[in-house]
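See structure below.
The values are calculated or read from the model by the stated rules, or taken from the named source; none is laboratory data. This is a predicted model, so every value here is computed, not measured. FYI the Cβ positions are ideal-geometry reconstructions off the backbone, even for glycines, and counts take in every protein chain you see. Surface areas here come from the heavy atoms of the whole protein model, side chains and all, with no ligands, DNA or RNA. Shrake-Rupley method; radii C 1.70, N 1.55, O 1.52, S 1.80 Å.
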Amino acid sequence: EEARARLLMQPWWLDWTAGLFPVIVVVFVLRSFLFEPFKIPSGSMVPTLLVGDLILVNKFHYGIRLPVINRKIIANHDPQRGDVIVFRYPLDTRIDYIKRVVGLPGDEVAYLNQQLTVNGKPVAETSEGDYYDEDSLRYAPRFTEQLDAARHSILVDPKRPSLFRPLEGFDKFRDNCRYTAEGVTCKVPAGHFFMMGDNRDNSQDSRYWGFVPEENIVGRAFFVWMNFGNVKRIGPFQ
C-alpha cells in the first residue's frame, strides 16, 4: 500500500504548478483583453506624464483584439482627438510608444511656427506661466490646450526651431506631408492617426515618422498607478 501511494502521489512541483495555473490564466486575460501596465521611459509627454510614471492602459476601450495577431474581433469606441494612446511604433512594431491623438483620418494637421492647427483652425491655447522640468533642469512655457473635448497641458520651447526632417523609414504616405522652414503640414490617410507628444518641442512623433495605423493601437492610457519617486502622481489624467 505504501509503494502504491508513492506511485500515485504527484511530484511537488506539479502540485505547485496546478495551484498557480488559475493565477496565470487571470493575469493573461487581464493583460490581453482588459488592462496592461506600462512605464513612461521618456519626457515626450511632460507635463501630462513624467519619466517613471507607471500607467494603466485600457485595452478594450477601442475594441477587443486577439493576442499576438492583434486582430480586432469586437468593435468599441473610435479614437478621438485628445486621447492619450499606447501604440506599436510604425517603424518598429516591437516597440511601444505613447502619444496624444491630434489628427483623425481625413484631417489636415499643421504645426507651423509652434502653433497646432487642425483642418485650418488653430487649436486654442491659454498660457499657464513657466513649468520647471526637474529632469532637464530648465523652465519651459506651459499652456493649456483645448483639443475638442480634451483639455490638457503642453510645453512649448520658443528657442527650438520649427524645422522637422522625416526619419529614414518614413516611406508609407510620405507624400501626404509637406515640410517647410515654418514646420510641417500633413493630410491624415484613411485608417491612420496623427500623434504628438505634449512636450511639443521635445517629442519624436508623427511629425518625424508618419502616421499610426489603426491596427497598431494597443489601448487608451488613463491612470497613473504608481511613481516610486513621487506617490502624489497616482491618479487619473487627461
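If residue 148 meets every condition in (1) open to solvent by 70 Å² or more (accessible area, probe 1.4 Å); (2) on the phi < 0 side of the Ramachandran plot apart from one, which number is that one?
For residue 148, the failing item is (2).
Given the condition in a loop (DSSP other than H, G, I, E, B), at pLDDT below 95 and small (Gly, Ala, Ser), answer yes or no: does some residue in the range 25-40 qualify? Let's see the steps before the verdict.
Here is the first cut: in the range 25-40, the ones in a loop (DSSP other than H, G, I, E, B) are 40.
This time we only want the ones that are at pLDDT below 95, so: 40.
Now narrow it down to the ones that are small (Gly, Ala, Ser): none.
Scanning the range 25-40 turns up no residue that is in a loop (DSSP other than H, G, I, E, B), at pLDDT below 95 and small (Gly, Ala, Ser).
Determine whether residue 220 is touching a strand residue (DSSP E or B) at 6+ places or on another chain (Cβ under 7 Å), basic (Lys, Arg), open to solvent by 10 Å² or more (accessible area, probe 1.4 Å) and within 28 Å of residue 73 (Cα to Cα).
Yes, satisfied.
Search the range 99-142 for residues being part of a loop (DSSP other than H, G, I, E, B) and open to solvent by less than 40 Å² (accessible area, probe 1.4 Å), and hand back the single one that is farthest from residue 41 (Cα to Cα).
Residues of the range 99-142 part of a loop (DSSP other than H, G, I, E, B): 104-107, 113-114, 119-120, 123, 134-137.
Cutting the leftovers down to open to solvent by less than 40 Å² (accessible area, probe 1.4 Å) gives us 104, 106-107, 114, 123.
Values: 104: 26, 106: 31, 107: 29, 114: 24, 123: 28 Å.
Taking the candidates together, the pick is 106.
Confirm whether residue 182 is under 22 Å from residue 104 (Cα atoms) and at pLDDT below 95. Walk me through how you get there before you give the answer.
On the way: under 22 Å from residue 104 (Cα atoms): no; at pLDDT below 95: yes.
Here the answer is no, as residue 182 does not meet what is asked.
Check off (1) under 26 Å from residue 158 (Cβ atoms); (2) surrounded by 15 or more Cβ atoms within 10 Å (Cβ to Cβ) for residue 79 and give me the number that stays unchecked.
Result: residue 79 passes all but (1).
Looking at the range 166-199, which of the residues that are among the aliphatic types (A, V, I, L, M) and open to solvent by 10 Å² or more (accessible area, probe 1.4 Å) is farthest from the chain's Cα centre (by Cα)? So that I can check it myself, show each step before the final result.
Step one: filter the range 166-199 for residues among the aliphatic types (A, V, I, L, M), giving 167, 181, 184, 188, 190, 195-196.
With the extra rule that they be open to solvent by 10 Å² or more (accessible area, probe 1.4 Å), the set shrinks to 167, 181, 190.
Values: 167: 19, 181: 28, 190: 20 Å.
So, considering only residues that are among the aliphatic types (A, V, I, L, M) and open to solvent by 10 Å² or more (accessible area, probe 1.4 Å), the one farthest from the chain's Cα centre (by Cα) is 181.
Across the range 218-238, which residue is farthest from the chain's Cα centre (by Cα) among those that are part of a strand (DSSP E or B), among the aliphatic types (A, V, I, L, M) and at pLDDT below 95? Walk me through it before giving the result.
Start the filter on the range 218-238 by keeping residues that are part of a strand (DSSP E or B), which leaves 218-226, 235-236.
Restricting the remaining residues to those that are among the aliphatic types (A, V, I, L, M) gives 218, 221, 224, 226.
Okay, now just the ones that are also at pLDDT below 95, so 218, 226.
Working: 218: 8, 226: 17 Å.
My answer is 226.
Please identify the pairs in which a residue from the range 77-89 that is touching a residue at least 12 places away in the same chain (Cβ under 8 Å) and closer than 10 Å to residue 104 by Cβ has its Cβ atom under 9 Å from the Cβ atom of a residue that is small (Gly, Ala, Ser) and open to solvent by 50 Å² or more (accessible area, probe 1.4 Å), counting only partners at least 6 apart or on another chain.
Cβ pairs passing all conditions: 80/149; 81/149.
Tell me, which residue of the range 82-98 that is in a loop (DSSP other than H, G, I, E, B) and within 18 Å of residue 47 (Cα to Cα) is nearest to the chain's Cα centre (by Cα)? Let's see the steps before the verdict.
At the first step, the residues of the range 82-98 found to be in a loop (DSSP other than H, G, I, E, B) are 82-83, 89-95.
Retained after the next criterion (residues that are within 18 Å of residue 47 (Cα to Cα)): 82-83.
Details: 82: 11, 83: 9 Å.
That would be 83.
State the number of residues belonging to the range 168-183 that are among the small types (Gly, Ala, Ser) and free of Cβ contacts under 8 Å to residues at least 24 places away in the same chain. Before the answer, list the steps.
Taking the range 168-183 as the starting set, the residues that turn out to be among the small types (Gly, Ala, Ser) are 169, 181, 183.
If we keep only those that are free of Cβ contacts under 8 Å to residues at least 24 places away in the same chain as well, we get 181.
Total meeting the criteria: 1.
Regarding residue 170, is this residue among the hydrophobic types (A, V, I, L, M, F, W, C), within 17 Å of residue 83 (Cα to Cα) and not in a helix (DSSP H, G or I)?
Numbers: among the hydrophobic types (A, V, I, L, M, F, W, C): yes; within 17 Å of residue 83 (Cα to Cα): no; not in a helix (DSSP H, G or I): yes.
For residue 170, the condition - among the hydrophobic types (A, V, I, L, M, F, W, C), within 17 Å of residue 83 (Cα to Cα) and not in a helix (DSSP H, G or I) - is not met.
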